[in-house]
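Right, one structure below, let's go through it.
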Amino acid sequence: MKNWKMNLVVMLGMGIGVASCSHSSWLTAVDFISTESDVELTNSEGSIDDEVDAVSFNSKGVEATALQERLPAGATIDDTGKDAFPRALTIDFGDGVEDRKKCRKKGQIIVEMSEDMAVIGAKRTTTFKNFSVKGRQITGTKVMTTVSVSAEGQPEFLVETNLTMIDKKGTTITKIATGTNTWRAGFGDDDRFNDVFVMKGTATVEVNNEVMTRTVVEPLLVDRSCEYIKQGIVELDKNGMISSIDFGDGNCDAIATVTKDGDTYEIDLEEERVDHGKGKCNKEVPTTSDDIAQNNS
């Protein structure tokens, strides 16, 4: 997708870091913790939105049994009533259900709607009960309000987020954000994988008590036929130290680039790392130099 100035290879089994770059000091994983944590939370939030949008959009008059068919096999749904608003839907993943990316979700997502989401002024509130995705505990709220609907029936939503994620290493990430999701195509049918929309907004993100500002400087393009954000740029500002994540030019692949201190690096959106292994649902983390060589082959 992109050209980059340098590639970083971390030989985990040997404990050696090798970098091809313009300066002599090699970059430790700590240098990228803000970037990697942002990608982790972005992926987790997107995975949650996949399921919530599936059952809440185009759901008026639809029985819970039909809504359940939109979820991964093994997930169940409880409904207060197909024709009554406010309406509450509880998605239950039990002790573990794998989604389309083989990522395991546990616990419950509770979705409350004031009105059908195609109606201007409708509000949807998402909360969680003992919920985790990819072993990451998620708590907090996400509120989506319909602010307009185009002549083609595609809505724009105001999105207000206050989420906390604790990953498997114990890293705590909190995000307080305000932005918009504007649909370009796909709203109004049962197939969430034909949805296309752009995301804008700003956020305050705290990672292990270190605060940074997150700004979408070029709108993020989400096409749910692709598993990754396809386009757009996010800027992260931590105490005046600026880095950015460029998600590409609209092609569907798992590679983005990170620009930091004037240098540019690859980040794998599936592994959620500048180097190897972390966060990929269906791949073991490489532990020896032979493992790493095999993964790179």
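The values are calculated or read from the model by the stated rules, or taken from the named source; none is laboratory data. Since the model is a prediction, treat every value here as computed from it, not as a measurement. We place every Cβ from the backbone using ideal geometry, glycine too, and count neighbours over all the protein chains shown. For accessibility, only protein heavy atoms count, side chains too; no ligands or nucleic acids. Shrake-Rupley method; radii C 1.70, N 1.55, O 1.52, S 1.80 Å.
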Qualifying residues in segment 157-187 (those that are among the charged types (D, E, K, R) and in a strand (DSSP E or B)) - the one surrounded by the most Cβ atoms within 10 Å (Cβ to Cβ): LYS175
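Report whether or not ALA185 is out of contact with any helix residue (DSSP H, G or I) (no Cβ under 8 Å at 6 or more places or on another chain) and more than 22 Å from ARG273 (Cα to Cα). If you could, list the steps in order and put the result at the bottom.
Details: out of contact with any helix residue (DSSP H, G or I) (no Cβ under 8 Å at 6 or more places or on another chain): no; more than 22 Å from ARG273 (Cα to Cα): yes.
It is false that ALA185 is out of contact with any helix residue (DSSP H, G or I) (no Cβ under 8 Å at 6 or more places or on another chain) and more than 22 Å from ARG273 (Cα to Cα).
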Matching residues in segment 154-177 - criterion: being more than 16 Å from VAL133 (Cβ to Cβ) and modelled with pLDDT of 95 or more: GLN154, PRO155, GLU156, PHE157, LEU158, VAL159, GLU160, ASN162, THR174, ILE176, ALA177
Which numbered condition GLU235 fails, given (1) farther than 18 Å from GLY179 by Cβ; (2) open to solvent by 50 Å² or more (accessible area, probe 1.4 Å): (1)
Residue in segment 127-156 that is surrounded by the most Cβ atoms within 10 Å (Cβ to Cβ), counting only those that are among the small types (Gly, Ala, Ser) and at negative phi: SER132
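Looking at ASP83, ASP116, ASP38, ASP95, which is the one that is of a type outside the set (A, V, I, L, M, F, W, C) and buried (at least 19 other Cβ atoms within 10 Å of the Cβ)? Outline the logic, then answer.
Numbers: ASP83 fails: buried (at least 19 other Cβ atoms within 10 Å of the Cβ); ASP116 fails: buried (at least 19 other Cβ atoms within 10 Å of the Cβ); ASP95 fails: buried (at least 19 other Cβ atoms within 10 Å of the Cβ).
Only one candidate qualifies: ASP38.
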